[in-house]
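Please read the structure below before turning to the comments.
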Amino acid sequence: MNGILYGIGVGIGDPAVYATFSYIAKQAEQDGIEVRVINGITSFCACAAALGIPLCEGNEELHVIPEAAGLADALALPGTKVLMKCGRRITEVRRILLEWERKRAAEGRKVSIYGVSECGTENETLFYGAAQLPEDGRYMMTIIIKEEGASWQ
């Protein structure tokens, strides 16, 4: 078999970051198909753009967490946290973030929690604060968490 499989338009977001394309590409290569990857825009960068916020500035760290399973540990990381693919567990994620947001407030620390559902589609929805996050699951849901101290605040 011959032909070329291009890594653009095969999935959503950039084909190099948590994308279905990588699995398709491996199978295509095993089948003798040449694979070429053309970068796209990562979904979490598109979400930040939709919200009108920077992901990080200066020497802030950026942590991309692929699923919400390790959320408690992820919240301890410095800098900006991006939670990907958290729609299936949104009820649990929302509960943890509400509690964490309250705890930070009691400590006198401000956090900003943003959510984006179905970014880049006609059904795109933006959420500001843990309380605004939906209580029902949404497949294409990304959450961005920023703590006080970032130069943009």
(message) Looking at A72, A76, A50, A28, can you tell me which residue is under 13 Å from I143 (Cα atoms) and of a type in the set (A, V, I, L, M)?
(response) A50
(message) Cβ contacts < 8 Å: first residue without any contact (Cβ under 8 Å) to a residue 24 or more places away in the chain, restricted to segment 52-64; second residue hydroxyl-bearing (S, T, Y), any location; separation 6+ or different chain. Result?
(response) E61/T80; L62/T80; H63/T80
(request) Residues being at pLDDT below 80 and part of a loop (DSSP other than H, G, I, E, B): count how many of those fall in segment 5-36. (result) 14
(message) I'd like the residue in segment 42-66 that is in contact with a helix residue (DSSP H, G or I) (Cβ under 8 Å, 6 or more places away or on another chain) and in a loop (DSSP other than H, G, I, E, B) and, out of all such residues, is surrounded by the fewest Cβ atoms within 10 Å (Cβ to Cβ).
(response) P54
(request) Any residue in segment 16-30 that's in contact (Cβ under 8 Å) with a residue 40 or more places away in the chain and of a type outside the set (A, V, I, L, M, F, W, C): show its pairings with residues that are part of a loop (DSSP other than H, G, I, E, B) and surrounded by fewer than 18 Cβ atoms within 10 Å (Cβ to Cβ) at Cβ separation under 9 Å, as long as the two are six or more apart or on different chains. (result) Y18/P66; Y18/K85
(request) Residues being in contact (Cβ under 8 Å) with a residue 60 or more places away in the chain and buried (at least 21 other Cβ atoms within 10 Å of the Cβ): count how many of those fall in segment 79-123. (result) 8
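The values are calculated or read from the model by the stated rules, or taken from the named source; none is laboratory data. Source: prediction; values computed, not measured. Here Cβ is always computed from backbone atoms with ideal geometry, including for glycine, and neighbour counts include all displayed protein chains.
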